[in-house]
Amino acid sequence: MYNDPVRKCFLDPHNDFYGEDFVRAYLTVMRAQLGWKTSRTVWNHWCDGPTRQPDKCGTGCYARMELGLPGRDSDRIRANGTSSSGHWRVEVVSMEKRQSVALVVAGLAVFLTAARTHYLEQKRLAAAAEGFDGKRAFGDLQRLVTLGPRPPGSPALDKARRYIADELGDAGVEMSYDSFVATTPMGKVAMRNIIGRLPGVRSEVVVIAGHYDTARLPGVSFVGANDGGSSATELLELARVLSRRRHALTYWLVFFDGEEALERWSESDSLYGSRHFVETQRKDGRLSRVRAVLLVDMVAGRDPQFRPEADSTPWLRELLFSCAHRLGYRDAFPGGSPLRVEDDHLPFLAAGAPAVDIIDFAPFVRGYHHTAQDTLERCNPDTLTMVGRVVLAMLAELDRRLSS
Ligand SMILES: [Zn+2]
């Protein structure tokens with residue numbers, strides 16, 4: 001309709017007044033098409049012909065009609081007519097202007113709607129991210145680090161396990177152990193995953209996981225503040241926050257034992273806890289309920305660089321970075337090309353469950369990974385808070401996407 005600014009109607013050249021009626025009728029239809037309501041209609045007709053009287057001449061008569069639209073003079077349709085030329089021309093004078101105004105108004109409406117949706121989504125995401133107390137999580141981290149090195153099978157890891165179980169109990173989280181004996185290069189080692197279950201309205205599961213053991217590094221007093229400590233304390237604080245929330249999906253908080261190699265990292269000497277957990281869940285038929293796995297590892301370091309992990313499921317990785325960016329953490333989550341790291345997400349991926357590894361690559365880059373420098377001094381409660389907020393936002397998004 002807007003692409004046709006000039007409209008013509010042919011009239012009896014010797015009967016202006018018949019023509020006038022026709023134009024009126026035509027414009028009535030056109031107005032209805034355009035959806036315009038007029039506030040006034042003015043017909044002017046005059047005669048340049050021999051009689052100078054438009055109602056008597058029939059030759060050289062002109063007429064002009066203005067349809068006033070509310071509010072502005074420019075919004076007019078002008079109809080010109082001449083009997084001498086034998087036709088009438090109905091010209092919509094301000095059509096182009098109206099078109100651009102209409103486009104601007106439509107564009108503005110789209111923009112405002114999008115802005116409002118964006119604002120509400122941001123508000124919802126920010127609300128979902130509330131409640132994670134990084135200082136309290138840092139307190140947990142101090143307690144774990146005080147226990148010293150916590151490799152699989154060690155008395156210190158026993159103490160860490162009891163601490164985690166007590167804290168889960170205090171948070172009102174239903175807890176169980178997944179105990180097994182791993183065959184390692186050092187012989188049989190008893191290991192225990194800790195599982196906290198937070199039932200949702202639905203039976204589909206999101207696994208939030210990390211490891212609580214530390215690497216066994218002979219000759220090094222490796223307390224694993226970031227590597228092993230931070231993932232466990234991150235999960236503990238998430239348990240406290242999530243236990244007070246209603247959620248559609250069911251959450252399993254899984255603390256893996258034996259993530260680290262006992263001698264040298266290999267397919268068989270690593271990821272003991274996650275491999276065992278995935279295998280038992282698969283045999284029990286419960287793995288099919290797992291819709292997403294969010295793995296946290298090394299989430300307390302100062303000046304972290306959370307890069308996309310190459311093996312992680314693309315849609316979950318995108319969700320991670322979009323949540324982080326929407327919460328304003330672009331510096332710590334810079335994106336870029338994915339980097340690969342072997343971690344507890346791999347057994348899930350191998351079994352077909354979508355998983356993402358939320359891992360800080362800075363310790364590798366700065367060279368303190370698996371060294372005596374992985375201490376509390378290199379950790380920061382703010383990083384725990386940031387990752388906690390990102391995970392909470394992801395959970396809210398997953399709840400919305402997967403339960404609708
Ligand atoms: Zn490690």
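Here are the numbers for the structure shown:
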{"item": "Gap separating the Cα centres of the stretch 252-303 and the stretch 314-383, nearest whole Å", "result": "15 Å"}
{"item": "Highest average packing first - 223-229, 334-340, Cβ atoms within 10 Å", "result": "223-229, 334-340"}
{"item": "Charge tally in the Cβ shell below 13 Å around Thr233, where Lys, Arg are +1 and Asp, Glu are -1, Thr233 excluded", "result": "-2"}
{"item": "Signed unit charges on C-beta, dipole axis of the stretch 255-404, positive-most listed residue Gly258, Pro304, Ala355", "result": "Ala355"}
{"item": "Local electrostatic count, Ala115, Cβ distance below 14 Å [Lys/Arg +1, Asp/Glu -1]", "result": "+1"}
{"item": "Potential extension, Arg245-Ser404 segment - 0.36 nm per residue separation minus Cα distance", "result": "55.4 nm"}
{"item": "Packing-based order for 361-368, 321-328, using average beta carbon neighbours within 10 Å, highest first", "result": "321-328, 361-368"}
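Every number in this text was worked out from the coordinates using simple rules, so none of it is lab data. Keep in mind that this is a model prediction, so the values were computed, not measured. Positions of Cβ are backbone-derived with ideal geometry, glycine not excepted, and every protein chain shown enters the neighbour counts.
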